[in-house]
Amino acid sequence: MGSTSNSYNEAVDRLNKLLSTQSPNLYSVAAKKIQEITDELQQQVAVEDVTQKLDEVVVDPVVQKLKNGFCHFKKEVYLKDTDLFSKLSKGQSPKFMVFACSDSRVCPSHVLKFNLGEAFVVRNIANMVAPYEKNEYPGTSAAVEYAVLHLKVGGAYNCDGPQLLRRNQGAHVNAR
């Protein structure tokens, strides 16, 4: 990768010299474009490095399935929609919060056809949402509080629980 890096640096240096002497007005436009291309190449190299490291590892069939799944996702999903992943890397703003069972036979994203970033999913045994208790059931309570207060996920149809939680900013809300 060293010679590729040197060639890249030489090309950038020559382009900078050309732009600064030939057309100073284009320099800032070109500098911005160079930075965009550099950022994109660095992301691509990082993804390729992970894939190459995975390719070098000899694994059993179970781990190989995970590796193949990751490589398929990278090739068929990630690399085909880098704009989406760039947007998702800056934060999340899901429209839905879904409680689902941890049962491996049912995946809410598949069943409900959610796209990446559309749903904040909490999975646990029997998709339980226990009554709010400050010191008990912290996983589900923390997920609800985070989704409502920080992600601003809306409430269910005819349900004023999320609005009450927002109004009380996490204070105990009595069940009706």
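The values are calculated or read from the model by the stated rules, or taken from the named source; none is laboratory data. Bear in mind the structure is a predicted one, so any value in this text is a computation, not a measurement. Here the Cβ positions follow ideal geometry from the backbone for every residue, glycine too, while neighbour counts run over all protein chains shown. To get the accessible areas, we keep the full protein, side chains included, count just its heavy atoms, and leave off ligands, DNA and RNA. Shrake-Rupley method; radii C 1.70, N 1.55, O 1.52, S 1.80 Å.
In the stretch 97-122, the residues that are farther than 23 Å from GLU145 by Cα never reach a residue that is modelled with pLDDT of 90 or more and surrounded by fewer than 17 Cβ atoms within 10 Å (Cβ to Cβ) with C-beta atoms less than 7 angstrom apart, at least six apart or across chains. Comparison of VAL12, VAL45 shows that the only residue that is modelled with pLDDT under 70, open to solvent by less than 80 Å² (accessible area, probe 1.4 Å) and among the β-branched types (Val, Ile, Thr) is VAL45. Among the residues of the stretch 84-104, the ones that are part of a loop (DSSP other than H, G, I, E, B) and either among the hydrophobic types (A, V, I, L, M, F, W, C) or open to solvent by less than 60 Å² (accessible area, probe 1.4 Å) (or both) come to 4 in all. Scanning the stretch 64-83 for residues that are open to solvent by less than 60 Å² (accessible area, probe 1.4 Å) and among the aromatic types (Phe, Trp, Tyr) yields a count of 1.
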